[in-house]
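Below is one structure, written out as structure tokens, with a few remarks after it.
The values are calculated or read from the model by the stated rules, or taken from the named source; none is laboratory data. These numbers were taken from a predicted model, which means no experiment stands behind them. Every residue, glycine as well, gets a Cβ built from its backbone with ideal geometry; the counts of neighbours run over all protein chains shown.
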Amino acid sequence: MTTTTNSPSTKEMAERLGEKRRRLGLNPRQMAKRLDMEIANYVQMELRERGMDATRLAGLARHGVDIGYVLSGVSTTEEREFMREFKESRPIAQLAATDLLANVAA
């Protein structure tokens, strides 16, 4: 019997979740705290040992994770535009934006 936690789509979703967490500048413990989850439960999601139910996905969305990307691998138009503008901005502007987001998220 095959479990869904080992299917390629679940693996890809878990990889994208970790990627998005890193893009937010968070370690697994910080992400778990934001989601009001035990660190072990969050790590299990990234390791494909725990599924991502609707409640967890909603929590991720509330904390800046592009759920469309996690589920499908396709970023939203808004995120793509934001990332394009960020990458095209001067380094000092990137640093200021990163600091601002880190302080707002804390």
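A few comments on the model shown:
- Scan of region 1-24 for residues that are modelled with pLDDT of 85 or more and among the small types (G, A, S), ordered by number: A14, G18
- In summary, R62 fulfils each of the numbered conditions (1) at pLDDT 90 or above; (2) within 25 Å of N103 (Cα to Cα); (3) not small (G, A, S) with the single exception of condition (1).
- Where a residue in region 90-105 is in contact (Cβ under 8 Å) with a residue 24 or more places away in the chain and its partner, wherever it lies, is of a type in the set (V, I, T) and part of a helix (DSSP H, G or I), with Cβ under 6 Å and at least six apart: none
- Residue in region 34-56 that is nearest to E12 (Cα to Cα), counting only those that are touching a Lys or Arg at 6+ places or on another chain (Cβ under 7 Å) and surrounded by fewer than 18 Cβ atoms within 10 Å (Cβ to Cβ): Q44
- Which numbered condition A93 fails, given (1) closer than 23 Å to Y42 by Cα; (2) loosely packed, with under 13 Cβ neighbours inside 10 Å: (1)
- Candidate set from region 57-84 (those that are in contact (Cβ under 8 Å) with a residue 12 or more places away in the chain and more than 20 Å from V104 (Cα to Cα)); member that is surrounded by the most Cβ atoms within 10 Å (Cβ to Cβ): V70
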